[in-house]
1. Tilt of helix 2-22 relative to the longest C-alpha principal axis of the chain, in degrees (0 to 90, nearest 10)?
2. Output wanted: per-residue J couplings in Hz (rounded whole) for region 99-112, from phi through Karplus 6.51 cos²θ - 1.76 cosθ + 1.60, θ = phi - 60°, x for Gly and Pro.
3. Seen from all sides and averaged, what is the projected area of the convex hull of the Cα atoms in the chain, in nm²?
4. Give me the net charge of residue 48's neighbourhood, meaning all other residues with Cβ under 9 Å from the Cβ of residue 48; Lys, Arg count +1, Asp, Glu -1.
5. So which lysines can residue 119 reach, going by Cα to Cα under 19 Å and dropping same-chain residues fewer than 8 places off?
6. Report the extension gain between residue 138 and residue 23 in nm, rounded to one decimal, defined as 0.36 nm multiplied by the number of residues separating them, less their alpha carbon distance.
7. Once you list every other residue whose beta carbon is under 14 Å from the beta carbon of residue 99, what net charge do they have if Lys and Arg are +1 and Asp and Glu are -1?
8. Could you work out the local net charge near residue 109, counting Lys and Arg as +1, Asp and Glu as -1, over the other residues with Cβ closer than 15 Å to its Cβ?
Amino acid sequence: MLKKSLVFMLFAVLSASAFAVQAKTVEIEGKNSLRFSEEAISAKPGEEITIKLTNNSKLPAAAMAHNWVLLKADADAQKIDEAAAKAKSNDYIPSDMSDQIIAHTGLVGGGESDTVTFKAPTEPGEYTYICTFPGHFAAGMKGTLTVK
Ligand SMILES: [Cu+2]
């Protein structure tokens, strides 16, 4: 009886770790050059995906912080970026445009990282992600999530 429950427990632990491996994590670095280290990522429709954004900058957060903001397919990145610049108190996330945002990390300063877990859109297509720290998107801090 005892042996049976031990076997069952071992099985449960192994299944749990196998599941943990399956969850997809993409590590992205926000760089001082105002680029994401990964500018193209892909996912299956509806796939659960975790983005881990890291900022290895030595600069103060007020000068060089980053976030990772995934936009809906029909979102206007330019307009969101403009609104974000005025949303400093909300870590540069324009709350009145949240209906155009699928998911986002928090703002990370040098030496920090943050993660966000979400389900990829079920509609295949290309989805833009941007950094909304002022000036970064305009300088090219963006990338594409391809759902296929
Ligand atoms: Cu940035």
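The numbers here are math on the coordinates, done by the rules we state, and not lab data. Just so it is clear, the structure is predicted and the values come from calculations on it, not from any experiment. Cβ sites come from the backbone with ideal geometry, for glycine too, and all protein chains shown count toward neighbours.
1. The helix 2-22 is inclined about 20 degrees to the chain.
2. 6, 9, 10, 7, 6, 7, 8, x, 7, 10, x, x, x, 10
3. The number I arrive at for the chain is 11.0 nm².
4. Taking every Cβ under 9 Å from that of residue 48, the sum is +1.
5. 24, 44, 52, 72, 148
6. Here the segment from residue 138 to residue 23 would lengthen by 38.2 nm.
7. -1
8. Its environment carries a net charge of -1.
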